[in-house]
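The values are calculated or read from the model by the stated rules, or taken from the named source; none is laboratory data. Here the structure is a predicted model, which is why all the values come from computation and not from measurement. Every residue, glycine as well, gets a Cβ built from its backbone with ideal geometry; the counts of neighbours run over all protein chains shown. Keep in mind that these areas ignore ligands, DNA and RNA; they rest on the heavy atoms of the full protein, side chains included. Shrake-Rupley method; radii C 1.70, N 1.55, O 1.52, S 1.80 Å.
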Amino acid sequence: MARRAEYVYGSAARQYAPAPKKEAVERVQVRNNTQKAVHMSLPYGIFLVAALIFAAAILVQYVQLQSDIISNRKHCASLQNEYEDLRLSNDLYYDSIMSSVDIREIERIAVEELGMHLAGEGQIITYSGDIEDYVRQYEDIPE
């Protein structure tokens, strides 16, 4: 790599062209970039369109799923309300049936018509429940 030096004859230095201004260089670069952006290749354009269609399909699917979730929640809430109403009406009906039962009449029929006897001292066994449970007592039990 030998350097070639040019010999300058005379006492005057060469006149070099002035350096282009920075703004002009930037404008040229911007123009080149816009030209490159405008002239995109066909495969790249197809890829962009396919990506856009895919994203739109995913978005539509997401919105449909959200709609399904909301409608399922509303349906579940309505079913829970219906269940509560049925349970309440069932409990009220059961309570009305149990309150219409006359224990004294049942005892009279059992003793007089069916020949049953009241329990004696040694026949009654009490126990203490260890398991948490409840008992509904609608009337005092006669002694």
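Worth a mention:
- Gyration tensor verdict on region 22-97 (Cα atoms; rounded if a/c is under 1.5, prolate if a/b is larger than b/c, oblate otherwise): prolate
- Modelled spin labels at Gln137 and His39, positioned 7 Å past Cα toward Cβ, are 10.0 nm from each other.
- Solvent-accessible area of Leu42, all protein chains in place: 130 Å² (probe radius 1.4 Å, heavy atoms, ligands and nucleic acids excluded).
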